[in-house]
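Enquirer: Got a structure for you, written out below as structure tokens; questions coming shortly.
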Amino acid sequence: MDKRLFLHSVAGAALVLAASQAAAQNTPFKIGLILPMTGQSASTGRQIEAAARLYMAQNGDTVAGRKIELVVKDDTGLPDVTKRIAQELVVNEKVGVLAGFGLTPLALATAPIATQSRTPEVVMAAATSSITEASPFIIRSSFTLPQVTVSMADWAPKNGIKKVVTLVSDYGPGIDAEKFFKERFTFNGGQVVDALRVPLRNPDFAPFLQKVRDEKPDALFVFVPSGAGAAVMKQFLERGMDKAGIRLIGTGDVTDDDQLNDMGDGALGVVTAHHYSTDHDSALNKQFVAAFKKANPGMRPNFMAVGGYDGMRVIYQALKATNGKGDGPALLAAMKGQIFESPRGQVFIDAQTRDIVQNVYLRKVEKKNGELYNVEFDVLKDVKDPGKNR
Ligand code: VNL
């Protein structure tokens, strides 16, 4: 055996051993929550951690006789760091589940660790369609870009938007959004006249927006990850794009509830498609939002928080269903097929794809009691990820 292969199999054996120890009873059940707590995507980490802690505060920290320990680690948004932390959590901390994953590259970097150690990887944020195909141990509680994008591409042409320029962050979810928007919008008789991609790290939107202004489409369709929306909105307004008759449309990432309130009245009227709004009108959501705000003064929960909250539900329920004795594969099996009411509405973890099936809402930014909200005005029920089985 050559040395690399040998080291590889030793590491693999350590991962498998660690995973079986994690299933031992009466020891605490550890959930390794890996999040970007610093850097460009820190708001995603902050939202998910707050929601996970809220879930535990509401549902207790003991499940089927096992004490739950949440081990939160900051990967700073860098995939090499995520992977190293995931390995440490499995081998040294003997976590039963890996969770979190604020960005697509971070979820993908962890996939081989999940597979080798047979540890469920609960993706609470990242949203590129193909992520669930990177390991049979991945389960998703967030959403996919094709899911929300296709709904927008159906709405736009029925509402006077025939000519669009797309502007996306240049990586997995942005490429998904660009592709699925163009495909469905064109099918519906619309025309995508230009497709612009901006770098994920430290993007400068100004030159791109100038180009869009010159192209004069009916609307600009935008995908940028949570945390980057306010910068897009600011520059869109500063350049007078709205006054030039160009509408802003997109997935709900751009009018993220975490930032929306600070975007100002220029955001009023922006229409997006998404799976969650803080303003979602249900008794469960009202309870969730009130409890979240009470526990985290000055914050309101966004779609990342809901992905984290529901991801914890999926983990708790799997541990319960396996009487606290489940190893990785047993927990995974108990995660598949879960159906429950989320603050976003009814959801379902599809056992075949391990991806989430959920409602997608069309929403318009409006002011209510002095605050800006994404107010839902239409719904598409039980949307599966259109990126699967093509
Ligand atoms: C991703 C997708 C990240 C949508 C996001 O915010 C988001 C991703 C941090 O898959 O990387 O809003």
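Enquirer: Being assigned to a helix (DSSP H, G or I) and in contact (Cβ under 8 Å) with a residue 40 or more places away in the chain: is that true of Val212 here?
Expert: yes
Enquirer: Give the residue that is nearest to Leu33 (Cα to Cα), with candidates limited to residues of the range 64-103 that are among the polar types (S, T, N, Q) and either touching a Leu at 6+ places or on another chain (Cβ under 9 Å) or within 15 Å of the ligand (Cβ to nearest atom) (or both).
Expert: So the first thing to find is which residues in the range 64-103 are among the polar types (S, T, N, Q), and the list is 76, 82, 87, 92.
Going one step further and asking which of them are either touching a Leu at 6+ places or on another chain (Cβ under 9 Å) or within 15 Å of the ligand (Cβ to nearest atom) (or both), we end up with 76, 82, 87.
On the way: Thr76: 13, Thr82: 10, Gln87: 13 Å.
Going through the qualifying residues, I end up with Thr82.
Enquirer: Name the residue that is least open to solvent (accessible area, probe 1.4 Å), counting only residues in the range 124-156 that are more than 15 Å from Asp176 (Cα to Cα) and in a helix (DSSP H, G or I).
Expert: Filtering first and then ranking leaves Ala156.
Enquirer: Going by what's in this entry, would Gln87 be described as at pLDDT 95 or above, outside any loop (DSSP other than H, G, I, E, B) and more than 30 Å from Ile246 (Cβ to Cβ)? Show your work before the answer.
Expert: Numbers: at pLDDT 95 or above: yes; outside any loop (DSSP other than H, G, I, E, B): yes; more than 30 Å from Ile246 (Cβ to Cβ): yes.
Answer is yes for this residue.
Enquirer: Which residues, taken from the range 295-305, are assigned to a helix (DSSP H, G or I) and closer than 19 Å to Leu372 by Cα? Reasoning before the result, please.
Expert: Of all residues in the range 295-305, those assigned to a helix (DSSP H, G or I) come to 295, 303-305.
Within the range 295-305, Phe303, Met304, Ala305 qualify.
Enquirer: Can you tell me which residue within the range 343-390, out of those that are in contact (Cβ under 8 Å) with a residue 60 or more places away in the chain and among the polar types (S, T, N, Q), is farthest from His274 (Cα to Cα)?
Expert: Thr353
Enquirer: Check off (1) more than 16 Å from the ligand (Cβ to nearest atom); (2) buried (at least 23 other Cβ atoms within 10 Å of the Cβ); (3) of a type in the set (Gly, Ala, Ser) for Gly298 and give me the number that stays unchecked.
Expert: That leaves (2) as the condition not met.
Enquirer: Okay, next question. For the range 174-209, which residues satisfy the criterion of being assigned to a helix (DSSP H, G or I) and within 16 Å of the ligand (Cβ to nearest atom)? So that I can check it myself, show each step before the final result.
Expert: Filtering the range 174-209 down to residues assigned to a helix (DSSP H, G or I) leaves 174-187, 206-209.
Gly174, Ile175, Asp176, Ala177, Glu178, Lys179, Phe180, Phe181 - these are the residues of the range 174-209 that are assigned to a helix (DSSP H, G or I) and within 16 Å of the ligand (Cβ to nearest atom).
Enquirer: Still on this model: Which residues, counting only those in the range 157-173, are crowded, with 24+ Cβ neighbours inside 10 Å and either away from the ligand (no atom under 15 Å from the Cβ) or assigned to a helix (DSSP H, G or I) (or both)?
Expert: Within the range 157-173, Val164, Thr166, Pro173 meet the criteria.
Enquirer: Further question on the same structure: Could you please tell me which pairs satisfy a Cβ distance under 9 Å, a separation of 6+ or placement on different chains, a first residue in the range 125-153 that is without any contact (Cβ under 8 Å) to a residue 12 or more places away in the chain and charged (D, E, K, R), and a second residue that is assigned to a loop (DSSP other than H, G, I, E, B) and away from the ligand (no atom under 11 Å from the Cβ)?
Expert: Every condition considered, the pairs that remain are Glu133/Thr353; Glu133/Lys388.
The values are calculated or read from the model by the stated rules, or taken from the named source; none is laboratory data. Bear in mind that the values here come from a model prediction, so they are computed numbers and not experimental data. Every residue, glycine as well, gets a Cβ built from its backbone with ideal geometry; the counts of neighbours run over all protein chains shown. Please note that ligands, DNA and RNA were not included when accessible areas were found on the heavy atoms of the full protein model with its side chains. Shrake-Rupley method; radii C 1.70, N 1.55, O 1.52, S 1.80 Å.
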